[in-house]
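Structure record follows, encoded as structure tokens.
What follows is calculated from the coordinates using simple rules that are stated; it is not laboratory data. Keep in mind that this is a model prediction, so the values were computed, not measured. A quick note on method: Cβ atoms are made from the backbone with ideal geometry, for glycine too, and the neighbour counts reach across all protein chains shown.
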Amino acid sequence: MRVPWSYENPVCSQVGTEFFYPERDAEDKVHTKTIVSVCKVCPHLAECAEWGINRERFGIWGGLTANQRKDIRSRRGIALPREEHVA
């Protein structure tokens, strides 16, 4: 699986990465719909979604929110590595 930053001309590169990390993902439905609409026109939608499902806890990846990816991981039996906290 390729890393997202190696995709050729991803639509997200035209917007900026901070756009894909809303502070209140579940609460700000308008912002989330806008982000997802950007993803839906990207030629890397499916590949990016799989990356997010398998590796990312936060943000929007391939048009999927963090909660949507969490649900998919649960159904597929995928566990992300635990985060290490630096004191």
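Neighbour counting of Cβ atoms within 10 Å sorts the residues I60, I78, I72, fewest neighbours leading, into I78, I72, I60.
Please return the longest range in the chain lying between exposed loop sites, taking trypsin sites (Lys or Arg not before Pro), DSSP loop only, at most 13 other beta-carbon atoms within 10 Å, and leaving the sites out. Walk me through the numbers before you get to the answer.
Numbers: sites that count: R2, R24, R57, R82.
Counting at most 13 other Cβ atoms within 10 Å as exposed, the longest clean stretch of the chain is 25-56.
Note on the range 1-63: the alpha carbon radius of gyration divided by the globular reference 2.2 N^0.38 Å gives 1.04.
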